[in-house]
Structure formats: C-alpha cells, structure tokens
Amino acid sequence: MSASQMLVSDIVAFTAQREPDQPALQYGDRIYSYASLADRITQSANALLSIARQGDRIAILAENRPEYVELYYSVPRAGMGLVFLNYRLSTREIEHIVRDSGAAVLITEPEYLEVAQSVAAQVGALQIVMLGVDEDNTPADVTAYDELLARGSTQEPDIQVRGDDLAWIIYTSGTTGRPKGAMLSHANLVAAACNSAMGWPSEVAGPLLFPWPLCHVAGYGILVTHLRGRFLVLMRRYDPKGLLEQIEKYQIAETSVAPTMFSQLLRHPDFDKYDVSSIRRIGYGAAPMPAEVLRQGMARFPNAAFSTGFGMTELSGNVLYHPSAQHVRGLTEKPELLVSVGRPMPLAMLRIVDDRMQDVATGTVGELVVRGPQVTIGYWNNQVATQEAFEGGWFHTGDLARNDDEGNWYIVDRKKDMILTGGENVYSREVEEVIYEHPAVAEAAVVGVPDETWGENVVAAVQLRAGATATAEEIIEHCRASLAGYKKPKRVLFVDELPRNAAGKILKRELRELAAQSTEE
C-alpha cells in the first residue's frame, strides 16, 4: 500500500494503535477489542489472497454477524472488491448480481448455503466459503471460513493497494428496475466516514446499537463508529422487541433506524415494558420520516436527541445532516423543519438544478446534484448508466429538492415518483404526510397511475393500525381539508403491509403494478 493513502482497513488499524483494548464490536457473547479485530482483518485479507487474486470480487450472502463486519475491511485490504448481496432477494436476482459482478468467491452462512450452491451451479467457477461452521461440518465443495482464517498470517499483506482502488460494490435497491452496482473506492468510503465524523456530534458516550442489514450502505456508519473508537453492538436482524431488549440489556446510548423500523417500534405492544432511558441519540434515514411518526417518537424517547440527514448508496453515506436542535425548533416554532434533511456536510458540494443544469431560485424545486470525494466512481459494468449519472460533471441523485432562506434543505420526492396530473405536479411525500395524520393510519405511500384523461391519477396505498378502521372515502375527505383538489387521492388501496426492500424502503414500482391491476379488475 502507499504510505500516503488511507485505506478502509486503516480505520480499525489506526484506532487499534491508539486504543488496543477498547471494545470495538459485540455480537451476543462475542466481544472483539480493536486490537483483536485489527488482527483478524489482516488474517482474513491474507487468507483471501490464498484462494483469490488481487482485483477479484468477493460476494457475501449473509445476515448480520461479526465476520461480515470483518470482511467490510479485509476484502478491500486484500485489494479485492466486496459485493453485497441482499439476502431477501430471490435466487435468480442473486445469480444476476453474482454473474454481473464476476465474483470469484461467494461467502455465505448455513441458512443460505442452498441458495449459494444453486447460484454456483448456474454461474460456474465460483468458490463457496461458509461462515459459522468448522471444517468437519462443511460440505465437500465448501471451505469453512474459520479454517481458512486460521491459515492467514497476521503480517500485513505484501501487495500494493491504492486509495482509488475498488473497495465495495453495492447494488442499488432496484425500486424502479434492474439494480446497478455502485462502485465505492477506499477513498470514497474513507471520505464518507471522515465527513460524518466531522459533521455528526460526538459527545454521546456509551454503546451504539446497529440494527440495519449489513448489506445496506447504512453499514458505512460502522466505519464512522470505529473511526471514533466507539463500542458497537451488532444485531443479527432488526425486530422491534429485540431492539428494545438490547437497549435495556446493554444500556445502549445511541442507535439509528429507518422510518419503518421506528414506526414498528412505536407501535409494539410491549414498548412500555422496557427501560429505554439510556438512549441519548436516535438517528434515522434511508427514507423520509413522516412528521407525525417523528412527533410520537420524540415524545416516547424524551431523553434522546434526534438527527437525520440525506445520503444514498452512490454517495457512500450522508452528505446532508439535520441536528437535534433543528428538530426541537420543528416542534416549537417551525413545523416544516421536521421534514428537513438539514444542511450540507463539510466534505460535499450540493446544488439544486433545473433540466439545463442551471441553479434554481431558493424555494424552487429542482434536482439535487452532488460533487465530492465520497461520490461513487461509477456503476460496475455499466458505462451508459455512469455517463447519465454524471451528466454535466455532477452526480445526479434523481431526488427532487428545495431549500429555504435559512439554508435548510428538503427532499420533496424522487424524480421518477413525481406525479403529473392534469398538467400539475404532485409530490407524493406531501400527500403522504397528510395521510399519516389520520388516526387510523399506520403507514402510507402514494403513487401515480396512468389515466387517459388526466395523464396520471393520485393513488394511495394505506396500512391501517391494528384494530383501526377507515374507509377510502374517509381518507380522501381527510386529505381534502389540507390539500388542493388535484393532490388528493382519487383512489385508496388498503394493504396488509407495504412492499419494502431489506432497508425498509417502499417499493413504489410494486405499488404502481398493484394499483394498475386493481383498476383493470
């Protein structure tokens, strides 16, 4: 490696030098100090170099476990790219990503071995490595990770890795079509971690609980945690009761959630049985948080400071940050601040532009574009998508945004989700916010459905609270009081559960299909 360039694995190595005995990671009864985690990362990198070559891609199909965190760092340290596989995808979708990325190795765990073997049979020339088993209990065509790790040296790998080399490939969630592999370099991830370490407040002391799936870009928060020398407690998977249990058991000081996770948490019938008074900060992101849910959460966690921001896979993390003080202002004097995503962070340049890449006036809606060291180096094996994303020299997020006179930024909608009805623009989030204020509504999403007369009709999908009742007419009438006539839903579909990806993001493409089918019927 170059002595002047920081690699992803240096985040742990540097902290291990300063605080070797500080706990870095806990998973169940297993605790890793920074020194032991750093040693395992080096061992893992050398072990991987014994079965694959520098420049190869290593895919991982698993739920959260400590080895996954280890591989966050060790695969890039071996000069390879870690390909994240969402365990909720179908075998066919996983096969596409493995084939598209050209992965040489697929690391998995017993729960997903059958899927991994099926993919390997279709793709060919794919080695399978399994986590959480010993050599004696491993099928003949599979290598046990622990046995492989034991063969790895704790001496630094004798290879040159540069900051602009590939570290991670995270395939976008595919909410609008086939996913694309966002390539994130060492420099991208280090910049994202440093940006957040500078931009986020750091005065909270105590363990941090991580409930997100590690296959999501939210995992960059682990890099931030380790850069700061914090103690991270890892959940196997998110579930509301499990999160409450771990907050009480480990006296968790800080956690972060997606809005869906938070909504489920607040509605859990056992919420009041647990002591959550240790929580001092709650971050949220990945999707818009309905203001009504946020108000409820701030009341239920009175000791916690709330913060959010804006980021995406292609940005390696967040580029906007909205601190707790602004949330308090939102409750007391400026309600719109509850739906803001904050202000630009130190290492990112942002603009709001029209279709000609001209800056729009303050308060006007346009597309958010970004420039900075944490912006993706492009899409794997997809030059056309890369060129489109960087048209005009800035990365196009596909998000519609506006800012106000104080410098606060707001995400209005996804560009592809904006509804055009009768020549008028309708931003789905504005309608969703109003629907959430109805007392019977647990969750809601709004989409546009083609209409011969109006171009598109506004359609709402609603999940009711347990035991609550409401009719479509009641929801529409509720919206009429707060929205222009063309913005209120023309139809309301009641669903048992909104379709989501692993990170809790609503799959509006599936809702459009559902709405179109219900029209045909």
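Among the residues that make up the stretch 462-484, is at least one of them surrounded by 17 or more Cβ atoms within 10 Å (Cβ to Cβ) and either at pLDDT below 90 or among the basic types (Lys, Arg) (or both)?
Yes, some residue in the stretch 462-484 is surrounded by 17 or more Cβ atoms within 10 Å (Cβ to Cβ) and either at pLDDT below 90 or among the basic types (Lys, Arg) (or both).
If the requirement is being among the polar types (S, T, N, Q) and over 17 Å from the mean Cα position of the chain (by Cα), which of these qualifies: Ser324, Ser316?
Going through Ser324, Ser316 in turn, just one is among the polar types (S, T, N, Q) and over 17 Å from the mean Cα position of the chain (by Cα): Ser324.
For the stretch 176-194, state whether one or more residues are in the same structural domain as Leu294 (by TED's automatic domain parsing), surrounded by fewer than 21 Cβ atoms within 10 Å (Cβ to Cβ) and charged (D, E, K, R).
So far as the stretch 176-194 goes, no, none of its residues is in the same structural domain as Leu294 (by TED's automatic domain parsing), surrounded by fewer than 21 Cβ atoms within 10 Å (Cβ to Cβ) and charged (D, E, K, R).
Return the only residue of Glu388, Glu336 being among the charged types (D, E, K, R), out of contact with any His (no Cβ under 9 Å at 6 or more places or on another chain) and in the same structural domain as Gly311 (by TED's automatic domain parsing).
Glu336
Return the residues of the stretch 290-334 that are polar (S, T, N, Q) and in contact (Cβ under 8 Å) with a residue 40 or more places away in the chain; say none if nothing qualifies.
Passing the criteria: Ser307, Thr313, Ser316, Asn318, Ser324, Gln326.
Give the residues of the stretch 116-129 that are surrounded by fewer than 18 Cβ atoms within 10 Å (Cβ to Cβ), of a type outside the set (Val, Ile, Thr) and without any contact (Cβ under 8 Å) to a residue 60 or more places away in the chain, sorted by residue number.
Gln117, Ser118, Ala121, Gln122, Gly124, Ala125 - these are the residues of the stretch 116-129 that are surrounded by fewer than 18 Cβ atoms within 10 Å (Cβ to Cβ), of a type outside the set (Val, Ile, Thr) and without any contact (Cβ under 8 Å) to a residue 60 or more places away in the chain.
Report, ordered by the first and then the second residue, all pairs with beta carbons closer than 9 Å, sequence separation of six or more or different chains, a first member in the stretch 99-115 that is closer than 12 Å to Arg65 by Cβ, and a second member that is at pLDDT 95 or above and acidic (Asp, Glu).
As it stands, the answer is Ile107/Glu67; Glu109/Glu63; Glu109/Glu67; Glu111/Glu63; Tyr112/Glu63, since those pairs meet every condition given.
Can you tell me which residue in the stretch 127-142 is farthest from the chain's Cα centre (by Cα), limited to those that are assigned to a loop (DSSP other than H, G, I, E, B) and among the β-branched types (Val, Ile, Thr)?
Thr138
Show me the helices (runs of 4 or more DSSP H) found entirely inside the stretch 7-94 where at least 3 residues are touching a helix residue (DSSP H, G or I) at 6+ places or on another chain (Cβ under 8 Å) and among the small types (Gly, Ala, Ser).
34-49
Here is a yes/no grid of residues against (1) within 26 Å of Asn382 (Cβ to Cβ); (2) touching a helix residue (DSSP H, G or I) at 6+ places or on another chain (Cβ under 6 Å):
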residue	(1), (2)
Ala150	no, no
Asp158	no, no
Thr172	yes, yes
Pro211	no, yes
Val217	yes, yes
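Please find, among Val204, Val217, the residue that is under 16 Å from the mean Cα position of the chain (by Cα), more than 19 Å from Ala13 (Cα to Cα) and either surrounded by 24 or more Cβ atoms within 10 Å (Cβ to Cβ) or among the hydrophobic types (A, V, I, L, M, F, W, C) (or both).
Val217
Quick test for you: out of Ala287, Ala385, Ala389, pick the one residue that is in contact with a strand residue (DSSP E or B) (Cβ under 8 Å, 6 or more places away or on another chain), in contact (Cβ under 8 Å) with a residue 40 or more places away in the chain and farther than 21 Å from Val412 by Cβ.
Unique residue meeting the criteria: Ala385.
Just the residues that are β-branched (Val, Ile, Thr) and out of contact with any strand residue (DSSP E or B) (no Cβ under 7 Å at 6 or more places or on another chain), please, taken from the stretch 13-43.
Scanning the stretch 13-43 gives Thr15, Ile41, Thr42.
Please specify each residue of the stretch 250-275 satisfying the condition of being surrounded by fewer than 19 Cβ atoms within 10 Å (Cβ to Cβ), among the hydrophobic types (A, V, I, L, M, F, W, C) and assigned to a loop (DSSP other than H, G, I, E, B).
The answer is none; no residue qualifies.
Only residues that are β-branched (Val, Ile, Thr) and assigned to a helix (DSSP H, G or I): list them for the stretch 194-217, please.
Val217, the sole residue that qualifies.
Would you say Ala440 is surrounded by fewer than 20 Cβ atoms within 10 Å (Cβ to Cβ) and closer than 19 Å to Val365 by Cα?
no
Do we have any residue at all in the stretch 7-17 that's among the small types (Gly, Ala, Ser), under 25 Å from the mean Cα position of the chain (by Cα) and within 16 Å of Tyr171 (Cα to Cα)?
There is no residue in the stretch 7-17 that is among the small types (Gly, Ala, Ser), under 25 Å from the mean Cα position of the chain (by Cα) and within 16 Å of Tyr171 (Cα to Cα).
The values are calculated or read from the model by the stated rules, or taken from the named source; none is laboratory data. Note that the structure is predicted; figures quoted are calculated from it, not measured. We place every Cβ from the backbone using ideal geometry, glycine too, and count neighbours over all the protein chains shown.
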